[in-house]
Amino acid sequence: MTKRVVLIGHPVAHSLSGDMQQAAFDHLGIDARYELWDRPPVELAEAIAELRTEDFLGANLTIPHKERVVPHVDRQTEEAHATGAINTLTKEGRKLVGHNTDVAGFTVALDRLVGKQKMPRTAVVLGAGGGSRAVVLGLIRGGFQRIVVFNRHLHRAESMFKHFGKSAAHMDLRAMPWHESIIEAELAKAKILVNATSIGLVADESPVPAEILTPDLMVLDLIYAQTRLLRDAASAGCKTSDGEQMLLHQGAAAFTLWTGQPAPIDVMHAALVDARAHGVRSAEGEPDGTPVDAAGTAGTTGA
Ligand code: NDP
């Protein structure tokens with residue numbers, strides 16, 4: 001019987017995870033199908049209940065469900081528990097186990113961005129959703145001393161900080177209101193900037209004005225595209241990276257959890273590159289139909 005794996009999100013149309021995971025199943029001859037389920041929050045519980053039946057191997061969760069899914073699982077791994085966010089589900093019989101493979105994916109992406117330089121100790125993170133929680137845990141584990149999180153709705157960043165509580169007691173972890181002048185002041189003290197908001201996912205917008213980006217910053221956008229932020233940062237002389245490595249490595253870890261087999265990373269990467277060449281501009285969101293050029297630069301008009 002063909003096993004099923006689903007990505008539950010809202011939206012999920014044209015997600016790159018489908019291309020990447022299906023290529024891996026096919027390459028290893030695993031009889032499994034990766035499906036995209038667009039389910040608004042009100043339909044999440046019903047969708048999760050369906051996964052308990054035998055034909056499902058597991059699932060991925062994306063915007064906006066990573067935190068909402070937590071009460072629906074039977075058990076969580078240490079990373080899921082530590083972040084309070086779940087992006088992958090596996091099965092133990094009818095039981096559902098929640099994992100967070102975004103942490104591992106982010107760590108690879110950060111290591112690649114920093115390269116041979118010494119790992120910095122100060123970071124600014126924009127956004128406080130499910131993706132941001134994986135980023136912040138990755139930074140805490142990476143030995144960062146000061147992490148400042150800005151979010152449009154400050155209470156969400158504050159509740160994230162309450163959640164991290166003791167694990168961050170040794171460091172300077174702050175939630176701050178979204179004011180341009182405060183972001184600018186914090187960027188002047190930071191070495192790493194991570195965009196974990198969905199600004200730039202659908203429209204060609206940046207979360208921060210280009211003028212506040214300085215050349216010594218390293219900028220990672222979780223969105224898998226040459227976003228306006230990344231283009232502005234590159235023009236300012238910053239080292240930059242998009243969400244490709246995070247997407248690839250969180251997906252590889254999920255694949256291994258579902259199948260018990262090492263993920264065919266090269267095949268998955270090729271599938272991502274191919275999907276991107278066909279005009280998909282986001283990590284897990286909508287394509288705008290704009291093919292990217294040879295340098296990987298998306299069109300500037302946005303969706
Ligand atoms: P969530 O829905 O959990 O969080 C969305 C975040 O974006 C919140 O901080 C939200 O702020 C902020 N936001 C959205 N719109 C605006 C706006 N107009 N102005 C200011 N802030 C805004 O999503 P995720 O955390 O799951 O995903 C966030 C992004 O990261 C997405 O683009 C996703 O594709 C990407 N991602 C990529 C991954 C990868 O593997 N490359 C992995 C995980 C995420 P507020 O709380 O105030 O609403």
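Nothing in this text is a laboratory measurement; each read-out follows from the coordinates by a stated rule. Since the model is a prediction, treat every value here as computed from it, not as a measurement. FYI the Cβ positions are ideal-geometry reconstructions off the backbone, even for glycines, and counts take in every protein chain you see.
Observations, loosely collected:
- Order of GLU158, GLU54 under a 10 Å beta carbon neighbour criterion, fewest first: GLU54, GLU158
- Beta bridges from DSSP with both residues in the chain: antiparallel share about 20 percent, rounded to the nearest 5.
- Net charge dipole size for the range 107-201 [Lys, Arg +1 and Asp, Glu -1 on Cβ; Debye, nearest 20]: 340 debye
- Relative contact order, percent, the chain [alpha-carbon distance under 8 Å, six or more residues apart]: 18 percent
- Compared with the dominant Cα axis of the chain, that is its longest principal axis, helix 244-259 is turned about 30°.
- For the range 86-167: rounded, prolate or oblate by the Cα gyration tensor [a/c cutoff 1.5]: oblate
- Phi-based couplings in Hz for the range 140-150 (Karplus 6.51, -1.76, 1.60; Gly and Pro marked x): 4, 5, x, x, 5, 9, 9, 10, 10, 10, 9
- Here r is the Cβ-Cβ distance between ARG156 and ARG112 and R0 is 25 Å; the resulting FRET efficiency, rounded to 0.05, is 0.35.
- Residues VAL114, VAL273, arranged from fewest to most other Cβ atoms within 10 angstrom of their Cβ, appear as VAL273, VAL114.
- If R0 equals 35 Å, the separation of the Cβ atoms of SER235 and LYS95 corresponds to a calculated FRET efficiency of about 0.10.
- Sorted fewest first by neighbouring Cβ atoms within 10 angstrom, SER17, SER198, SER167 come out as SER167, SER198, SER17.
- Summarising the amide proton neighbourhood of LYS239: residues at separation of 5 or more, or on other chains, whose placed amide H is nearer than 5 Å comprise VAL219.
- The range 194-248: GluC sites (Glu not before Pro) in DSSP loop, at most 14 other beta carbons within 10 Å: GLU205
- Note: relative contact order over the range 69-115, using C-alpha pairs below 8 Å and six or more positions apart, is 35 percent.
- Remark on PHE56: its backbone amide H falls under 5 Å from those of ARG4, a criterion applied only to residues 5 or more positions apart or on other chains, H modelled at 1.01 Å from N.
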